[in-house]
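Laboratory data are not the source of any read-out in this text; all were calculated from the coordinates shown. Predicted model only: the values in this text are computed from it and were never measured. Neighbour counts are summed over all protein chains in view; Cβ atoms, including those assigned to glycine, are modelled from backbone coordinates with ideal geometry.
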Amino acid sequence: MSDAKTILLVEDNPQDEMLTLRALRKANLANQIDVVRDGQQAVDFLFKEGEFSGREGPALPTVVLLDIGLPRLSGLEVLEKLRADKRTALLPVVILTSSDEELDRLQSYRIGANSFVRKPVCFADFAETVARLGVYWLATNEPPV
């Protein structure tokens, strides 16, 4: 990873994407935030394949905020691919989802999620949660590489 701390947001819901980006900016996090909208795009982005084969910038983000219910590949399928590859095996991944299914939470941790966070329904709570995530993963946490 480079010195530039970045976030990859994997979110297919335009409203949740907008709220997440607004919450991170409101928390004064000026870091680069890349957004992809489905699981296959996430994998292609992280491995610089497909439409992202010529992507410039850091090889990997500092943290991935990953929704579970994504088109093409689910968030859990993306997580499995990341954990199976030595280049991304240690990449911090936060599941950020509306799912309140216990099975989703347990499966996320079994596969190797670093954190599982349910999206609060209330905007103010959602904004606070996302801001805390951003500050923790970009300013407080020390990544493995």
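Please give me the summed charge of the neighbours of Ala27: other residues whose Cβ is under 13 Å from its Cβ, Lys and Arg +1, Asp and Glu -1.
+3
Place a +1 charge on the Cβ of each Lys and Arg in the chain and a -1 charge on the Cβ of each Asp and Glu, then give the dipole magnitude about the Cα centre in debye, rounded to the nearest 20.
My answer is approximately 360 debye.
What list of ³J(HN,Hα) couplings, whole Hz, do you get for segment 92-101 from phi and the Karplus terms 6.51, -1.76, 1.60, once you set θ to phi - 60° and write x for glycine and proline?
x, 10, 10, 6, 10, 9, 8, 4, 10, 6
If you find the alpha carbon centre of segment 89-113 and of segment 1-55, how far apart are they in angstrom?
For segment 89-113 versus segment 1-55, the Cα centre distance is 18 Å.
Enumerate lysine pairs in the chain that are 8 or more residues apart or on different chains, then count those whose Cα atoms are under 27 Å apart.
Within the chain, the lysine pair count is 9.
I want the local charge near Arg37. Using Cβ-Cβ distances under 10 Å, sum +1 for each Lys or Arg and -1 for each Asp or Glu among the other residues.
-4
Starting from the Cα coordinates of segment 7-138, work out the convex hull volume and express it per residue in Å³.
96 Å³
With a ≥ b ≥ c taken as the square roots of the eigenvalues of the C-alpha gyration tensor of segment 23-64, please select rounded if a/c is under 1.5 and otherwise prolate if a/b is larger than b/c or oblate if it is not?
In terms of gyration-tensor shape, prolate.
Sequence gap at least 6, Cα distance under 8 Å: using those rules, report the relative contact order of segment 7-138 to the nearest whole percent.
Value for segment 7-138: 27 percent.
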